[in-house]
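**Q** One structure follows; several queries about it will come next.
The numbers here are math on the coordinates, done by the rules we state, and not lab data. None of these values were measured; they are calculated from a predicted model. For neighbour counting, all protein chains shown are included, and Cβ atoms are generated from backbone atoms with ideal geometry for every residue, glycine included.
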Amino acid sequence: MRKIIAVASFTAVLLSSCTPKTQTATAPTGPATSTAAQIAQGKTIFENSCGRCHKLPDPTAHTSVQWVGIMNSMAPKAKLTDEQHQWVYDYIVSVEK
Ligand code: HEC
């Protein structure tokens, strides 16, 4: 029992020492891990690439879960790299909140 508590508090320390700002984006469609600069880049890419075939979508029109699926089908259409895919997704989700 004591061991479990020790492991749990160690995990908590690990988690709290890992702020999103110092992480680099590696997960293709995970929760927002991009820096402010990457999100700003995502916004530019979104505005330049996502209004070419249809009008620019409204980020607030879908939930973050729906956007995972939409981005999975739209990123290849817009010829985004995995990184750009992540930044655009994180930008969209940042608008939503
Ligand atoms: C090469 C053309 C093209 C590009 C570029 C493109 N889309 Fe689309 N998009 C489509 C087409 C065609 C549809 C409608 C058919 C479909 O859902 O596949 C669509 C539909 C959508 C929808 C509606 C989906 C729904 O379920 O209601 C959204 C939202 C969307 N696109 C977002 C984006 C975003 C964000 C980007 C930029 C990453 C993007 N699109 C880039 C062609 C494109």
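**Q** What's the exposure ranking of E83, E47, going from fewest to most Cβ atoms within 10 Å? The partial results should precede the final answer.
**A** On the way: E83 17, E47 12.
The fewest-first ordering by Cβ neighbours comes to E47, E83.
**Q** Going by how many other Cβ atoms sit within 10 Å of their own, how do V65, V88, V95 line up, fewest first?
**A** Values: V65 9, V88 29, V95 14.
The order, fewest Cβ neighbours first, is V65, V95, V88.
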